[in-house]
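Worksheet: the structure to be examined is printed underneath.
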């Protein structure tokens, strides 16, 4: 039974890796493809908030932000800095983040758990396979529970946020071609999968992106 649980945990890690690869592949495929509306991701999120969000809500791109975050008390949607771009991935990120704001769901717990999984649980489980047999079972159970939470979060929070953002996007009529519509659908699905992918690679990616001290 312990071996089966460890194998299931490794399969869960493979699921998170597959999600991360799907997200990055989709973003890479559409990167540089301009939105025909000419809007940036931040501007598009602002337009959706003005149309369907609470009065006075605003969107800002924050330097160093790894994830988008809705702060209901301030009516402020913080966006990743790349949402300043005017290509489809930036616009889809803005639409997904606006969907979170329109639903009033922040998703902070899932982000913290993804950081814990990628920064500690998965490396510790890998180390236990070689050096720490007594820790394998509890680490595998914790990793499985974390992945199960991320899947539930995807279905209950991330995917509804993409769907709500897409509904609001349809209401302002800025998607002009079938190709652009397909791009938004693929990218919004990728945004939904991002938290599951972060559970495998979020912390290592942050370390690699961190600038070296001068």
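In plain terms, the residue of 151, 95, 175 with the fewest other Cβ atoms within 10 Å comes first and the most crowded comes last, giving 151, 175, 95.
Suppose R0 equals 35 Å. What FRET efficiency, 1/(1 + (r/R0)^6) with r the Cβ-Cβ distance, do residue 132 and residue 62 give to the nearest 0.05? Before the final figure, lay out each step's value.
Working: r = 39 Å, r/R0 = 1.11.
Between residue 132 and residue 62 the formula returns 0.35.
Of all the C-alpha pairs in the range 2-205, what % are more than 21 Å from each other? It would help to have the intermediate numbers written out before the result.
Numbers: 10748 of 20706 pairs.
Here the long-distance tail beyond 21 Å is 52 percent of all Cα pairs in the range 2-205.
Averaging the sequence gap over all C-alpha pairs within less than 8 Å and six or more residues apart, then dividing by the number of residues, gives the range 2-205 a relative contact order of 32 percent.
Among 30, 132, 159, sorting on how many other beta-carbon atoms sit within 10 Å of each Cβ, with the fewest leading, yields 132, 159, 30. By the beta-carbon count within 10 Å of each Cβ, the least crowded to most crowded order of 52, 181, 198, fewest first, is 181, 52, 198. How many angstrom separate the Cα center of the range 74-97 from the Cα center of the range 23-50? Using only Cα atoms, the two centres lie 7 Å from each other.
The numbers here are math on the coordinates, done by the rules we state, and not lab data. In this text, all values refer to a predicted model and were calculated from it rather than measured experimentally. Cβ sites come from the backbone with ideal geometry, for glycine too, and all protein chains shown count toward neighbours.
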